[in-house]
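Okay, so here's the structure we're looking at.
The values are calculated or read from the model by the stated rules, or taken from the named source; none is laboratory data. These numbers were taken from a predicted model, which means no experiment stands behind them. Side chains are part of the model used for accessible areas, which takes the heavy atoms of the whole protein and leaves out ligands, DNA and RNA. Shrake-Rupley method; radii C 1.70, N 1.55, O 1.52, S 1.80 Å.
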Amino acid sequence: MYRFAVLDDEYEFLNKIKQYFIGYKNISVDLYIDPYDLIEQIERYDVIFVDYEMPIMNAFEFFEMTEKMRYLKIVITNYDQMIFDSLKYDIFYFVRKKKINIDFPVCIEKILKELDDTNNRKLVIHSYNHIISVYYREIRYIETEKNYIIIHALADFKIRCTFKKLLSLIHDNNFVIVSYGVMVNIEYVMHVDLKNMLVVMSDGLALSLSKKYKEKVKNKYWEYKLL
């Protein structure tokens, strides 16, 4: 299930665009009027449609405030000429309000292709004479062992690498740190036991949950379960 959000200051348009999502069973969509409400929840979303012109902030200002977050940026606009001003913001696509019936299906087709390609992306680690390449979706969890990283996937891989370096290589929102040196793919988490401070994986393995990461793990788990 892909997670979409639409931010626009017009209720009428939000209700209109919501109808265009009907029929896409692999998409869940949430509607927002207030950009700050969306910013608080932004980690939940793969794709965000943002109205170019809003009273609180415009789309570019929104992108600047969320520049550290990873999501596909779609601009909703009435102004064709502003497209050239947007190049530095890495906009994925534009939807014109007056031609939404033409732009929307083309936009969605391109988005779904991009997201499907993303789901087939791999974690690639180079270390000395070793190169490990494994699909993100196949990784259950990753742990450190002294100066090594162990990747538990369909097979286990052990490679010399620091946890700090690993964090810089992970580009997938489904991964969350449960304790320093241990990271899980939330798709493989069966239960988060806050009483005993454990993260229980789908195969029954129980991993210790650090107090430092408790809130983030809890929120990530519930976000995943609610979608």
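Largest accessible area first, the listed residues Lys218, Lys73, Lys212 line up as Lys212, Lys218, Lys73 when surface is computed with a 1.4 Å probe on the assembled protein chains. Tell me, what ³J(HN,Hα) does each residue in segment 56-62 have, in order and in whole Hz, if you take phi through Karplus 6.51 cos²θ - 1.76 cosθ + 1.60 with θ = phi - 60° and put x for Gly and Pro? My calculation for segment 56-62 gives 7, 7, 8, 4, 5, 5, 4 Hz in order. Dividing the mean sequence gap of close Cα pairs (under 8 Å, 6+ apart) by how many residues segment 90-191 holds gives a relative contact order of 18 percent. The listed residues Lys97, Lys164 rank as Lys164, Lys97 when sorted by accessible area, largest first, using a 1.4 Å probe.
Checking the cross-link pairs Lys165/Lys218; Lys73/Lys218; Lys146/Lys211; Lys122/Lys146 against a 29 Å limit on the alpha carbon distance flags no pair as lying beyond it. Largest accessible area first, the listed residues Thr144, Thr77, Thr162 line up as Thr162, Thr144, Thr77 when surface is computed with a 1.4 Å probe on the assembled protein chains. Counted residue by residue at 0.36 nm each, then reduced by the alpha carbon distance between them, the extension gain from Lys212 to Ile39 reaches 60.0 nm.
Oblate is the label for segment 112-227, because the ratio a/c of its alpha-carbon gyration tensor axes (a ≥ b ≥ c) is 1.5 or higher and a/b is not greater than b/c.
Normalised size of the chain, defined as Cα radius of gyration per 2.2 N^0.38 Å with N residues, equals 1.15. Inverting the pair-averaged 1/r between distinct Cα atoms of segment 101-170 gives 13.9 Å as its Kirkwood hydrodynamic radius. Coupling constants for segment 171-179 follow from the phi torsions by the Karplus curve (6.51 cos²θ - 1.76 cosθ + 1.60, θ = phi - 60°), and in residue order they are 10, 8, 6, 7, 9, 9, 7, 9, 7 Hz; glycine and proline get x. Please work out whether segment 1-77 counts as rounded, prolate or oblate from its C-alpha gyration tensor, where a ≥ b ≥ c are the square roots of the eigenvalues and a/c under 1.5 means rounded, while otherwise a/b larger than b/c means prolate and anything else oblate? Here segment 1-77 falls in the oblate category. Convex hull volume per residue, computed on the Cα atoms of segment 11-56, equals 80 Å³.
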